[in-house]
Amino acid sequence: NWTMLNIVEEQVAQVRERVGSARVICALSGGVDSAVAAALVQRAVGEQLTCVFVDHGLLRKGEAEQVQKDFVAATGVDLKVVDAERRFLDALAGVSDPEEKRKIIGREFIRVFEQAAREVVEAADAGGEPVEFLVQGTLYPDVVESGGGSGTANIKSHHNVGGLPDDLEFQLVEPLRALFKDEVRRVGEELGLPPEIVWRQPFPGPGLGIRIIGEVTAERLEILREADAIARAELTRAGLDRDIWQCPVVLLADVRSVGVQGDGRTYGHPIVLRPVSSEDAMTADWSRLPYDVLATISNRITNEVRAVNRVVLDVTSKPPGTIEWE
Ligand code: XMP
C-alpha cells in the first residue's frame, strides 16, 4: 500500500533524526496503538528501543503471550516483561467499587512502570547513552481532544500511565499523531504486525478488572477468562469480528442463580454478553448477533466453564448504558 508505505518511511526517518543515538523506552499495553508506535520506532532505531510490558494479570486469555511472543517475533524488539499479577490482585483485594478499582489499577500501573523505567534508565546509564525519549501511541483524535499541544517533559501515556516523577524526564516521541485509527491499523500491517494485534478490538486499560462485577480474585478472573475466550473464538469463527465494535464479556460474580446440569442442581454465576456496534464508542447500539451464534456461545460457556450456569444478553444501547458495565 503506497500511502502507508510513505507514511511509514517518513515517520521512520523523522524518528531516526530526532532520536539520534539516544535510548528510547515504550510502554506496551497489548493494544493496537502502542504496538504500532513501538514497531515503527523499532524500525527506526532498532536496539536503542526498550519496550516495557506490565502484565497486571487482568488481560484476556492469550493476550500476554501475544505481546511476549508474537509481537517480539514480528518486530525483534527488546522487551522487558514485568509480571505484576500478584501485586495487582493484592491491591484489589476486598474492592468492589468501580471507580476505586480504576484508581487502584491506574496507580499500581504507574508505580510498576516507573520502577521498570528506572531500571531501564540505570542499565542504559551504565552502558553509555542516556534514555531520553518515551514513545506514546497518541492518535490524531487524542491530539484534538487534548487541545493539540505537543508534549515534551510532561508524561501522559495511554489511559493507564498518569505521570512519572520529576527525576524521570523524557521527551515524547509520538509517531502516530497525524493518524486515525484505521490508518494506524494499515501502518501496523505495513510493518508486518500479525492481524490479531492490528485488528484487535478496543479493550479497556483496567482490563478484566472492570468486567468482574464485585471483588476481583484470581479464581473469578480464571472463570471470566475462559468464558471470554469462548465468546471471542465463536465470534471469530462466525466471521463477525469486524462487524462489531467490541463484545465485553462480564461476570456477575456476586449474583448466583439456580440451574440444573446432569442430574444435579447447580448454584452458579451468570455471564453477560455485551456485543455493541459503534463508530467511536461515544454512542453505541447493541449488536443483533445471529441467534445460532449466540446459542453456540451460550452452550459452550455453560458446558465448559464450571462456575457458570447462565448466559444473558445485554440489549441496552449507549446511552443510557455505557459499553462496559463498570
Ligand atoms: P464506556 O464503558 O465508557 O466505554 O461506554 C467506551 C469505550 O472505552 C473503553 N474503556 C476504557 N478504555 N481505559 C481504557 O483504556 C478505561 O478505563 C476504559 N473504560 C472504558 C471501553 O472498552 C469502550 O471501548
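Quick one: if the Förster radius is 56 Å, what FRET efficiency do A295 and E145 give, using the C-beta to C-beta distance and rounding to 0.05?
So, using R0 = 56 Å, E works out to roughly 0.90.
What shape does the range 211-313 take by its C-alpha gyration tensor, where a ≥ b ≥ c are the square roots of the eigenvalues and a/c under 1.5 counts as rounded, a/b above b/c as prolate, and the rest as oblate?
On the way: a/c = 2.13, a/b = 1.51, b/c = 1.42.
It comes out prolate by the Cα gyration axes.
Rg over Rh of the chain, using C-alpha atoms and the Kirkwood radius, what does it come to?
Working: Rg = 20.7 Å, Rh = 20.9 Å.
That ratio equals 0.99.
Under 16 Å between alpha carbons, and skipping anything fewer than 8 positions from K80 in its own chain: which lysines qualify?
The reachable lysines, counting only those whose Cα sits under 16 Å from K80, are K69.
Quick one: angle between helix 291-304 and the longest Cα principal axis of the chain, in degrees between 0 and 90, rounded to 10, please.
90 degrees
Using only Cα atoms, tell me the angle between helix 98-127 and the longest principal axis of the chain; keep it within 0 to 90° and round to the nearest 10.
30 degrees
What are the ³J(HN,Hα) couplings of the range 216-229, residue after residue, when phi is run through the Karplus curve with 6.51, -1.76, 1.60 and θ = phi - 60°? Round to Hz, x for glycine and proline.
8, 10, 4, 5, 5, 4, 5, 4, 5, 4, 5, 4, 4, 5
Between D254 and Q68, what is 0.36 nm times their sequence separation minus the Cα-Cα distance? Round to one decimal in nm.
Working: separation 186, 0.36 × 186 = 66.96 nm, distance 3.33 nm.
Length gained between D254 and Q68: 63.6 nm.
Taking loop as defined by DSSP and a crowding limit of 13 other beta carbons within 10 Å, which trypsin sites (Lys or Arg not before Pro) in the range 276-326 fit? Walk me through the numbers on the way to the answer.
Details: sites: R288, R300, R306, R310; in loops: R288, R306.
Those that pass, being in a loop and sparsely packed, are R288, R306.
Once you order the gyration tensor axes a ≥ b ≥ c over the Cα atoms, which shape class does the range 1-64 get: rounded for a/c under 1.5, otherwise prolate or oblate by comparing a/b with b/c? Write down the numbers at each step before the final one.
Numbers: a/c = 3.81, a/b = 1.54, b/c = 2.48.
Taking the square roots of the gyration eigenvalues as a ≥ b ≥ c, the range 1-64 is oblate.
I'd like the distance separating the alpha-carbon centroids of the range 174-203 and the range 245-267, in whole Å.
Taking the Cα centre of the range 245-267 as reference, the centre of the range 174-203 is 35 Å away.
Taking the alpha-carbon distance from K61 and a cut-off under 18 Å, which aspartates and glutamates remain once sequence neighbours fewer than 8 residues away in the same chain are dropped?
Filter leaves D70, D83, E85, E196, E219, E222, E226, D228, E234, D241, E304.
Be a star and scan the range 54-84 for residues whose amide nitrogen sits under 17 Å from the point 7 Å along the Cα-to-Cβ vector of Q115.
Residues 54-58, 80-84 fall inside that zone.
Since every read-out is calculated from the coordinates, none of them should be taken as a lab result. In this text, all values refer to a predicted model and were calculated from it rather than measured experimentally. Cβ: placed from backbone, ideal geometry, glycine included. Neighbour counts: every protein chain shown.
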